[in-house]
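Presented below is the structure to which this report refers.
The values are calculated or read from the model by the stated rules, or taken from the named source; none is laboratory data. Small disclaimer: the values here were computed from a predicted structure and weren't measured. As a convention, Cβ positions derive from the backbone with ideal geometry for all residues, glycine included, and neighbour counts pool all protein chains shown. Remember, those area values only see protein heavy atoms, side chains included, never the ligands or the DNA or RNA. Shrake-Rupley method; radii C 1.70, N 1.55, O 1.52, S 1.80 Å.
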Amino acid sequence: MAHHLPHHMFKTRKEIVFVVLAGIFITNAVVAELIGGKLIQIGPFVMSIGILPWPVVFLTTDLINEYFGEKGVKKLSFITACLIAYAFLILFMAIVIPAAKGISPVNDEQFLAVFGQSMWIIVGSLIAFMASQLIDVWIFWFFKRRTGERKIWLRTTGSTVVSQLFDSFIVLGIAFWLPGKINFDTFLSSALIGYTFKLTIAILLTPLIYVGHHLIKKYLDEEKSAEKKEDTIE
């Protein structure tokens, strides 16, 4: 009986699409959290390098929203939040266990400098992630119910515009402003810079949403047409 299990693992192409999109979504969300401690400068603007994988998270959120609905995104967001927390737990253990003196190429200080993010950053990023994902889903479906299959750009960009505004302010507010690491003016300008950057990328990514839609639709339609042929033969 056990030998037949792998054949039934993915019965439909839709299941495969979900697993691939979920994998991309989770990987980028976790990586973004892990690399967030490094700051980069683009012109006069300073922001976290963690901003790099986030556009991919928006992209996959919108594609999952489109094909697997509200429940699909919400479920995946909760799972991802738990996995991010799990990743931080593993990192905490990795920080606590001492490095082999004189043998380990990375010593404890170096490891701590890269991965020892403060509790405030972890809490802030998790709350911001969940809040922005739930807002994103709500706005996406608000537009989708009114426009149907048309105006993909409106629901994808519209949901990102609002959700990322919350995300940028929540994470910086909890991680830096509340603990008194930055003053209110710095908090405001940093959040707006980060938001503007994310927004610009989200708008530039809109054509990729259409490419993703086209490829997934084509992939799923091939299966449908194959099933129709089988029904006709029978």
Isotropically averaged projected area of region 101-234, using the convex hull of Cα atoms (one quarter of hull area), nm²
14.7
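Rounding to the nearest 20 debye, state how big the charge dipole of the chain is about its Cα centre with +1 on each Lys and Arg Cβ and -1 on each Asp and Glu Cβ.
Numbers: 21 positive and 18 negative charges, 85 e Å.
The dipole magnitude comes to about 400 debye.
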Simple SL model, points at 7 angstrom along Cα→Cβ for Ile79 and Thr147; separation in nm is 2.8
Probe 1.4 Å - accessible area at Glu222, Å² to nearest ten:
90
Give me a comma-separated list of calculated 3J(HN,Hα) values for region 60-70, in order, Karplus coefficients 6.51, -1.76, 1.60 applied at θ = phi - 60°, integers in Hz, x for any Gly or Pro.
5, 4, 5, 5, 5, 4, 5, 9, 10, x, 4
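Can you figure out the FRET efficiency of Trp138 with Leu112, using R₀ = 41 Å and their beta-carbon distance, to the nearest 0.05?
Values: r = 39 Å, r/R0 = 0.95.
The value I calculate is 0.60.
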Each label point is 7 Å from the Cα along the Cα-to-Cβ direction; what then is the distance between the points at Ser189 and Glu223, in nm?
5.1
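Please compute the length gained on full extension between Leu178 and Ile49, using 0.36 nm multiplied by the number of residues separating them and subtracting their Cα-Cα distance.
Details: separation 129, 0.36 × 129 = 46.44 nm, distance 2.18 nm.
Here the segment from Leu178 to Ile49 would lengthen by 44.3 nm.
Say R0 is 30 Å: what FRET efficiency, to the nearest 0.05, do Lys71 and Thr200 get from their beta-carbon distance? Please list the in-between numbers first.
Details: r = 31 Å, r/R0 = 1.02.
Taking R0 as 30 Å, the efficiency between Lys71 and Thr200 is 0.45.
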What list of ³J(HN,Hα) couplings, whole Hz, do you get for region 18-23 from phi and the Karplus terms 6.51, -1.76, 1.60, once you set θ to phi - 60° and write x for glycine and proline?
4, 4, 5, 5, 5, x
With θ set to phi - 60° and the Karplus curve 6.51 cos²θ - 1.76 cosθ + 1.60, what are the ³J(HN,Hα) couplings of region 210-224 in order, to the nearest whole Hz, using x for Gly and Pro?
5, 5, x, 4, 4, 5, 5, 4, 4, 4, 6, 5, 4, 5, 4
Taking H as built 1.01 Å from N, whose amide H comes closer than 5 Å to the amide H of Ser48, not counting residues under 5 places away?
Ile40
Sorted list, accessible surface of protein heavy atoms, 1.4 Å probe, largest first, for Arg155, Arg146, Arg13 is Arg146, Arg13, Arg155
List the lysines whose Cα lies under 25 Å from the Cα of Lys14, skipping any in the same chain that are fewer than 8 positions away.
Lys71, Lys74, Lys75, Lys144, Lys151, Lys217, Lys218, Lys224, Lys228, Lys229
May I ask for the angle, rounded to the nearest 10°, between helix 152-172 and the longest principal axis of the chain, with both axes built from Cα atoms and the value confined to 0 to 90°?
20
Choose one answer from Pro55, Pro44, Pro179: the residue with the largest mean-square fluctuation in a GNM of the chain with alpha-carbon springs under 10 Å.
Pro44
Gyration tensor (Cα) of the chain, equivalent ellipsoid semi-axes in angstrom:
37, 25, 14
